[in-house]
Amino acid sequence: MKPIFHRQGGAVLLKVMLFSLGLTLVFTLIANLLPQVEGEAAQEQEIDLGALTMDGFVSLGETLFSGKGTCTLCHNSMGRAPDILQLDMVAIAKEHLADETYQGAATSVQDYLRESMLQPSVYVVKGFGQKGSNDTVSPMPVVNKAPIQLTDVEIDAVIAFMQAKDGNDVTVALPQGLPASEAAPAAGAKQAVVAALPAETAEQAFSKFSCTACHSVAGTTSPVGPELNTIASRLDKAQIRQSILDPNAVIAEGFDAGMMPLDFARKMTISELDLVVNYLAAEAAASQSGGQ
Ligand code: HEC
Ligand code: HEC
C-alpha cells in the first residue's frame with residue numbers, strides 16, 4: 001500500500017478523488033435504502049358515504065387498485081398478468097364473455113369483472129394460468145379473502161374504477177345506507193396509513209409489502225411464488241437477501257421471472273430487510289424442530 005501511495009503526488013490526489021467519489025456513491029445508495037415513508041401511499045381518505053359522488057367512488061377504486069387491493073403487484077407492465085391500467089377492461093370483458101371457452105355465470109361486464117376477482121379460475125386468460133395448469137388454474141388470489149380482503153363495497157369501487165378509467169359508463173351503484181361498521185373504505189384507508197409505517201416484525205413486513213399475496217409464509221398461503229417456509233433449506237442468507245433485492249438475478253426453479261416486484265430495494269428500510277431476511281433464514285431450523 002505505502003509504496004503505491006507515495007510514488008507520486010498525482011496518484012495520491014487521484015486516489016483521494018476516487019475515494020470521495022466512492023463515498024458519495026455509497027451515501028447515495030444508503031439514502032436510497034433509507035425509509036421512504038413520506039413517499040408511500042398514505043392517503044387518509046375519510047369517506048362519508050352519504051356525500052359520496054361517483055367520482056369519489058371511482059377514485060377510491062383507483063386507490064384500492066394500487067393500495068390495499070395489491071392489484072398492481074401483478075397487473076403491471078412486467079407481463080405476468082394482463083396490464084389492466086393499459087387495457088380497456090370493458091371491451092376485454094365483452095370479448096371474454098363471448099369466448100366459447102367461457103363457462104362462468106356472468107352476463108354483464110360488471111359481473112364478469114366481479115367474477116374475475118372472486119373466482120379467478122372460472123375463466124383464465126390464455127397464457128396466464130398457473131404454471132403447469134394448462135390455463136385451468138389462475139394464479140390470481142381471491143380478493144375478498146386473506147390476505148387482500150376487499151369488502152363488497154371496495155370491490156364495487158374497483159369495478160367502477162376499471163370501467164371509468166377508459167371513459168366507459170360506470171354500471172355499479174354507489175353504496176347506500178350501509179351501517180357504520182360496513183363503511184369499510186375508511187377502515188381500508190386507515191390500513192393504508194398503518195402500512196406506511198416501518199414494520200417492526202417480519203410478519204408486519206410480509207403484510208406491508210404484500211409478500212403474502214404471492215408466497216406461503218408465516219401462516220398464510222399463496223401459490224404464485226415459491227413457498228418461503230422452508231426457504232432456508234434452499235438458500236443461504238446472502239442468497240435470500242439477493243432474491244429480494246434483485247429478483248431476476250436468479251429465478252427459482254419452476255417459476256417465471258417478471259412476477260416478483262423489482263422495487264423492494266427502494267421501498268424497504270434496512271431494518272425491514274434485515275427482519276425479513278433473518279426470519280426467512282431461521283425458518284428451516286424452526287420447521288425442522290416442528291415449530292412454525
Ligand atoms: C398475484 C397476482 C395478482 C393479483 C394480486 C391480482 N391479480 Fe388479477 N389476475 C392475475 C392474473 C395472472 C390474471 C390472468 C389469469 C386469469 O384470467 O385469472 C388475472 C386476471 C384478472 C382479471 C381478468 C382479466 C381478463 O382479461 O379477463 C381481472 C379483471 C383482474 N385480474 C383484476 C384484478 C384486481 C382488480 C386485482 C386487485 C384487487 C387483482 N386482479 C389482483 C394476477 C393477479
Ligand atoms: C407479485 C408476486 C410476488 C410478490 C408480491 C413477492 N414475490 Fe417473491 N417471488 C415471486 C415469484 C414468482 C418468485 C419466483 C421467481 C423468481 O425467483 O424471481 C419469487 C421469489 C422469491 C424468493 C426466492 C425464492 C426461491 O425459492 O428461490 C424470495 C426469497 C422471495 N421471493 C421473497 C419475497 C419477499 C420477502 C417478498 C415481500 C417483500 C416477496 N417475495 C414478494 C413473486 C412475488
*When you scan the stretch 215-224, how many residues do you find that are modelled with pLDDT of 90 or more and near ligand 2 (Cβ under 10 Å from one of its atoms)?*
2
*Being within 16 Å of ligand 1 (Cβ to nearest atom), modelled with pLDDT of 85 or more and in a helix (DSSP H, G or I), is that true of even one residue in the stretch 262-271?*
yes
*asked:* Condition first: closer than 22 Å to S222 by Cα and free of Cβ contacts under 8 Å to residues at least 40 places away in the same chain. Now tell me which residues in the stretch 150-164 satisfy that.
replied: T151, D152
*asked:* What's the number of the only condition in (1) surrounded by fewer than 20 Cβ atoms within 10 Å (Cβ to Cβ); (2) closer than 19 Å to H215 by Cβ that A81 fails to meet?
replied: (1)
*Does the stretch 231-257 hold any residues that are near ligand 2 (Cβ under 9 Å from one of its atoms), farther than 15 Å from K131 by Cα and surrounded by 13 or more Cβ atoms within 10 Å (Cβ to Cβ), and which are they?*
I231, R234, L235, Q239, I240, R241, Q242, S243, I244, P247
*Search result, residues across the stretch 51-81 that are out of contact with any Phe, Trp or Tyr (no Cβ under 7 Å at 6 or more places or on another chain) and either in a loop (DSSP other than H, G, I, E, B) or in the same structural domain as F209 (by TED's automatic domain parsing) (or both)*: L52, T53, G67, K68, G69, T70, H75, N76, S77, M78, G79, R80
*Any chance Q43 is in a loop (DSSP other than H, G, I, E, B), over 27 Å from M268 (Cα atoms) and either at pLDDT below 95 or not assigned by TED's automatic domain parsing to the domain that holds A157 (or both)*: no
*asked:* Would you confirm, using the coordinates I've provided, whether L228 is farther than 20 Å from P147 by Cβ and over 15 Å from the mean Cα position of the chain (by Cα)?
replied: no
*Just wondering, is there one or more residues in the stretch 150-167 that are under 20 Å from the mean Cα position of the chain (by Cα), within 16 Å of ligand 2 (Cβ to nearest atom) and either modelled with pLDDT of 95 or more or not assigned by TED's automatic domain parsing to the domain that holds S222 (or both)?*
no
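The values are calculated or read from the model by the stated rules, or taken from the named source; none is laboratory data. In this text, all values refer to a predicted model and were calculated from it rather than measured experimentally. Positions of Cβ are generated from backbone atoms using ideal geometry, with glycine treated the same way; all protein chains shown enter the neighbour counts.
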